1. With label points built 7 Å along Cα→Cβ from the Cα atoms of Thr62 and Ala20, find their separation and express it in nm.
2. For Gly28, enumerate residues with amide H under 5 Å from its amide H, sequence gap 5+ or separate chain, H modeled in the peptide plane.
3. Give me the compactness ratio for the chain, meaning the Cα radius of gyration over 2.2 N^0.38 Å.
4. What chymotrypsin sites (Phe, Trp or Tyr not before Pro) in segment 29-89 are in a loop by DSSP, with at most 16 other Cβ atoms within 10 Å of the Cβ?
5. What ³J(HN,Hα) values, in whole Hz, does the Karplus curve 6.51 cos²θ - 1.76 cosθ + 1.60 give for segment 41-47 when θ = phi - 60°, with x put for Gly and Pro?
6. Can you give me the long-range amide H partners of Val40? Hydrogens built in the peptide plane at 1.01 Å from N, cutoff under 5 Å, separation of 5 or more residues or another chain.
7. Taking 0.36 nm per residue of separation and subtracting the Cα-Cα distance, what length does fully extending Ala33 through Leu85 add?
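Where a number appears in this text, it was derived from the coordinates with a stated rule and is not lab data. Remember, predicted model here, so these are calculated numbers, not experimental data. Here the Cβ positions follow ideal geometry from the backbone for every residue, glycine too, while neighbour counts run over all protein chains shown.
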Amino acid sequence: MSTIKVTTIQNLAGVEVYTAKAWVNFNGQGTVAIRASGNVSSITDNGTGDYTVNFTVAMPDTSFVLAGSAGSQVMSGVDNGVTSLANRAVSNVRFYTRNVQSSGGTTDYDSVNIVIFR
């Protein structure tokens with residue numbers, strides 16, 4: 001069996017295509033539990049609405065982008081959260097989940113979704 005390593009992917013117009021370097025879907029309430037992930041070894045619960053995603057394979061540097069969402073899996077429409085970056089490291093990223101309907105304080109949500117682009 002052979003392995004092919006691709007360093008750059010371009011579309012037909014010659015524009016580089018960027019792919020996710022890590023992603024995770026997890027339950028952030030109670031005992032934190034990963035539902036599904038890619039290049040994520042574990043989640044650290046640092047406190048209410050405060051998490052660290054630990055990468056299986058480290059990033060080449062800290063110039064990556066975190067995008068995410070947080071909220072309730074029950075489609076009530078009244079409890080939606082946002083993610084905010086706290087700290088980047090090559091081996092992990094720390095972030096907060098905040099409630100946008102209240103004072104913006106940190107909140108634990110049962111559906112937290114994070115993706116890392118580099």
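1. Taking the simple label geometry, Thr62 and Ala20 are separated by 2.4 nm.
2. Sorted by chain and number, the residues that satisfy this are Tyr109, Asp110, Ser111, Val112.
3. That ratio works out to 1.18.
4. Passing sites in segment 29-89 are Phe64.
5. 8, 5, 10, 9, 8, 8, x
6. Trp23, Thr56
7. Value of the extension gain: 16.7 nm.
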